[in-house]
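Here's the structure we're looking at; comments come further down.
The values are calculated or read from the model by the stated rules, or taken from the named source; none is laboratory data. None of the values given here were measured: they were computed from a predicted structure. Here the Cβ positions follow ideal geometry from the backbone for every residue, glycine too, while neighbour counts run over all protein chains shown. In case anyone asks, the SASA skips ligands and DNA or RNA and just uses the protein heavy atoms, side chains included. Shrake-Rupley method; radii C 1.70, N 1.55, O 1.52, S 1.80 Å.
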Amino acid sequence: MSEFYIVRHGQASFGADNYDKLSPLGHQQSDWLGEYLAERNLEFSQLWLGEMVRHKETASGILRGLNTHLDTVTHTGLNEFDFQNIATAYLTDHPKDAVQKGAPPAEFYRLLKKAMGAWSNEQLDPSMLKETWGEFRQRVFAVLSAMRKETHDKPILLVSSGGAISMLMSIVLELDAKHVIELNMQVRNASYSHFFFNRDTVRLSSFNNVPHLDIPERVGAVTFS
């Protein structure tokens, strides 16, 4: 069977005007992951990533740590869903759930969970949405379909976002929407999940690993944004 490792981007710029870029810690997390993979003597056949800046910056850090270059495939199925769009649609019907700028991150996560729940249950006005829950699921599924068309002698390295990774997990494990939402809250920055696959199946080996951060001097480097 072939293998792939899917990585969530490093810590992004939560609370900044532009979320879609890594924080200084996010860059460091990415470098550390690449160094860890190099220490394990892991070699990859290809790099797959979404179109977002935080995906590209994370991939650059990993490759820097690995001290290598890889052929790159850009796939829209690895892009994150548009939270701002979903939140706007949700708040149209639930204005009292609005979160003020500068509020604690926990309040934003509560809004995210509520908005995703309404989105997955088709309770949002479809005319306001850039994509439905079903369309999001289908484009993530397209990543698996594309990879499974070929056999790879070395693992594929993928860089994506928490929502897309959670949706991928739900497809592989046949989980329902509420589990996608819960998993989305748990995926650590610069964590990797490991899978085996062939033309017929995809099997989970491990989820949400951060061994490159699991040492005493990096305790504060484990983040979720």
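Results, tabulated for the structure shown:
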| quantity | calculated |
| --- | --- |
| Pairs with Cβ under 8 Å, 6+ apart, first in the range 110-124 and closer than 12 Å to Val99 by Cα, second open to solvent by less than 10 Å² (accessible area, probe 1.4 Å) and in a helix (DSSP H, G or I) | Leu111/Ala87; Leu112/Ala87 |
| Single match in Tyr90, Tyr109 (criterion: hydroxyl-bearing (Ser, Thr, Tyr), at pLDDT below 95 and part of a helix (DSSP H, G or I)) | Tyr109 |
| Among residues of the range 80-96, those that are of a type outside the set (S, T, N, Q) and surrounded by 16 or more Cβ atoms within 10 Å (Cβ to Cβ), counted | 8 |
| Unmet criterion (only one of (1) closer than 29 Å to Pro211 by Cβ; (2) open to solvent by less than 70 Å² (accessible area, probe 1.4 Å); (3) of a type outside the set (Gly, Ala, Ser)) for Thr74 | (2) |
| Identity of the residue in the range 155-173, under 9 Å from the mean Cα position of the chain (by Cα) and of a type in the set (Val, Ile, Thr), that ends up surrounded by the fewest Cβ atoms within 10 Å (Cβ to Cβ) | Ile165 |
| Positions within the range 193-225 being in a strand (DSSP E or B) and surrounded by 17 or more Cβ atoms within 10 Å (Cβ to Cβ), in sequence order | Ser193, Phe195, Phe197, Val202, Phe207, Asn209 |
| Single residue of Lys130, Lys114, Lys56 found to be under 16 Å from the mean Cα position of the chain (by Cα) and of a type outside the set (Val, Ile, Thr) | Lys56 |
| Filter result for Ala190 (in contact (Cβ under 8 Å) with a residue 60 or more places away in the chain, open to solvent by less than 20 Å² (accessible area, probe 1.4 Å), aliphatic (A, V, I, L, M) and part of a helix (DSSP H, G or I)) | no |
| Selection within the range 174-187 - in a helix (DSSP H, G or I) and either of a type in the set (Asp, Glu) or surrounded by fewer than 21 Cβ atoms within 10 Å (Cβ to Cβ) (or both) | Ala177, Lys178, His179, Ile181, Glu182 |
| Count of the range 130-169 residues which are part of a helix (DSSP H, G or I) and closer than 13 Å to Phe81 by Cβ | 15 |
| Residue that is most open to solvent (accessible area, probe 1.4 Å) [pool: residues in the range 2-14 that are under 17 Å from Glu80 (Cβ atoms) and touching a strand residue (DSSP E or B) at 6+ places or on another chain (Cβ under 9 Å)] | Gln11 |
| Total residues in the range 15-63, condition in a loop (DSSP other than H, G, I, E, B) and open to solvent by less than 60 Å² (accessible area, probe 1.4 Å) | 8 |
